[in-house]
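S.K.: Structure provided below as structure tokens; questions to follow.
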């Protein structure tokens, strides 16, 4: 498999740039993975891709900040793939759904069978409207007997949130309220969960929670529990901004939840509660983590490529982007350097999908999910 990352220039996508990107391979790409800025020139870019490579499998999602090899950009990026063996390929299935009308169990079971028959799967998800955690829970239940070579991310949007943004697309169709399930055939896939946070508190027990809203930790109002850690000289640090550097880490006791990270969404609203961007359950054992731009970059630079990959995709949380600050462009660069310069694309996500340390499929915050690809027999 050959791969190449294309850093788009912004504005309408030049046809000449696309044609030149495929010149080295001598033929159009078999697959085009696109991470494009929300709304702006989106449909024009998709039309240009259709016009230049009508037979390629073209898909992707909207993303505010994208990775193009060692660079970070907001103008859009493409990753082109050429399979060496004509029997090897990828397929995309569109799973529509909303929080009010989620995908049926029967539909998810059918998707799980197709994933089980593949060598791996990528998930690109509408980060606003699709019920991703419910979908993953059903998928995890069905895939319980197999290793979850499944990874992905939630598309992002410009703040404040409007109707635009966070959508997925296939071909020249933009699809709100959908998940793309991309199954890979003849492509070996490895997934690395990149963290960079250290334990910063004892372990406590969540004594009352509902979905992403935590009411009590060790019988104490969750907001008061946080105040004990984040109040200095009688002054509470700005919340939830300060909490970006101190994720909540789920330590079990259920094996499928061990190692999950949660970022704070709202503090003391409603009074006494803390709301997270992912689910926290009654009975979860939790502790605070601690990190900064140095710990995140150090973790990225210490990655090992293992069997040499031919392409990489990075889904890194927008919360990490906030913590990295002026160094946000360095995470992808450090990872690419550690991998030996492999072609890399990706974006800062609204949530990440990948395995837990015990091998279960999970929804993450404040995490980077790295997908390494190599064609079988290459």
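What follows is calculated from the coordinates using simple rules that are stated; it is not laboratory data. Owing to the predicted nature of the structure, the values given are computational and were not obtained by experimental measurement. Backbone-built Cβ (ideal geometry, glycine too); neighbour counts: all protein chains shown.
S.K.: What share of the DSSP beta bridges in the stretch 269-378 is antiparallel, in percent to the nearest 5?
M.R.: 60 percent
S.K.: Sticking with this structure for a sec: Per the Cauchy relation, a quarter of the hull surface: what is the mean projected area of the convex hull of the alpha carbons in the stretch 282-378, in nm²?
M.R.: Over every viewing direction, the Cα hull of the stretch 282-378 projects on average to 7.4 nm².
S.K.: Considering the chain as a Gaussian network with a 10 Å cut-off on Cα pairs, which listed residue, 197, 82, 225, attains the greatest mean-square fluctuation?
M.R.: Largest GNM mean-square fluctuation: 225.
S.K.: Counting only helical runs of four or more DSSP H residues, what would the 222 nm mean residue ellipticity of the chain come to if each run contributes -39,500 (n - 2.57) and the total is spread over all its residues?
M.R.: Only helices count here, giving -5500 deg cm²/dmol.
S.K.: For a label point 7 Å from the Cα of residue 220 along Cα→C-beta, name the residues of the stretch 288-311 whose backbone N is under 15 Å from it.
M.R.: Residues passing the 15 Å test: 288.
S.K.: If each residue of separation counts as 0.36 nm, what is the full-extension length gain between residue 228 and residue 141 once their alpha-carbon separation is subtracted?
M.R.: The residue 228-residue 141 span can extend by a further 27.6 nm.
S.K.: I've got another one for you. Residue 198 to residue 254: FRET efficiency via 1/(1 + (r/R0)^6), r the Cβ-Cβ distance, R0 35 Å, to the nearest 0.05?
M.R.: 0.95
S.K.: Quick check: the distance between the Cα centres of the stretch 100-121 and the stretch 213-245, to the nearest angstrom?
M.R.: When both Cα centres are located, 39 Å separates them.
S.K.: When you have a sec, figure out the Kirkwood radius of the chain from all distinct Cα pair distances and drop it here in Å to one decimal?
M.R.: 21.1 Å
S.K.: Kindly work out what percent of the DSSP beta bridges joining two residues of the stretch 1-85 are antiparallel, to the nearest 5.
M.R.: Of all bridge pairs located within the stretch 1-85, approximately 70 percent are antiparallel.
S.K.: Which FRET efficiency, nearest 0.05, do residue 94 and residue 337 yield, Cβ-Cβ r, R0 41 Å?
M.R.: Taking R0 as 41 Å, the efficiency between residue 94 and residue 337 is 0.70.
S.K.: Report the full-extension gain for the segment residue 271 to residue 116: residue separation times 0.36 nm, less the Cα-Cα distance, to one decimal in nm.
M.R.: Computed gain between residue 271 and residue 116 is 51.3 nm.
S.K.: Round to the nearest 10 and give me the degree value, 0 to 90, for the angle of helix 42-52's Cα axis relative to the longest principal axis of the chain.
M.R.: Orientation of helix 42-52: about 30 degrees from the principal axis.
S.K.: Could you state the number of Å between the C-alpha centres of the stretch 345-378 and the stretch 1-73?
M.R.: Their Cα centres are 22 Å away from one another.
S.K.: Stretch residue 376-residue 55 to full length: gain in nm at 0.36 nm per residue minus the Cα-Cα span?
M.R.: Taking 0.36 nm per residue and subtracting the Cα distance, the gain is 113.3 nm.
S.K.: Evaluate E = 1/(1 + (r/R0)^6) for residue 205 and residue 44, where r is the Cβ-Cβ distance and R0 equals 41 Å; express this FRET efficiency to the nearest 0.05.
M.R.: 0.20
S.K.: If you take the Cα Rg of the stretch 88-130 and divide it by 2.2 N^0.38 Å, with N the number of residues, what do you get?
M.R.: Here the answer is 1.27, to two decimals.
S.K.: Turning to a different aspect of this structure: Indicate, rounded to the nearest 5 percent, the antiparallel portion of the DSSP beta bridges found entirely in the chain.
M.R.: 80 percent
S.K.: Send over the per residue convex hull volume for the stretch 1-120, Cα only, as a whole number of Å³.
M.R.: That works out to 134 Å³ per residue.
S.K.: Percentage of Cα-Cα pair distances in the stretch 148-236 greater than 22 Å, rounded to whole percent?
M.R.: Above the 22 Å cut-off, the stretch 148-236 has 63 percent of its Cα pairs.
S.K.: Could you check which residue among 154, 80, 236 shows the biggest mean-square fluctuation in a GNM of the chain with a 10 Å Cα cutoff?
M.R.: The residue with the greatest mean-square fluctuation here is 236.
S.K.: Next up: What's the whole-number percent of alpha carbon pairs in the stretch 198-288 lying beyond 14 angstrom?
M.R.: 61 percent
S.K.: Using 7 Å Cα-to-Cβ label points, what is the residue 25/residue 158 separation (nm, one decimal)?
M.R.: Once both label points are built, they end up 3.1 nm from each other.
S.K.: Can you tell me, using C-alpha contacts under 8 Å and at least 6 residues apart, the relative contact order of the stretch 85-189 as a whole percent?
M.R.: 45 percent
S.K.: At 7 Å along Cα-to-Cβ for each site, give me the label-to-label distance between residue 16 and residue 281 in nm.
M.R.: 5.7 nm
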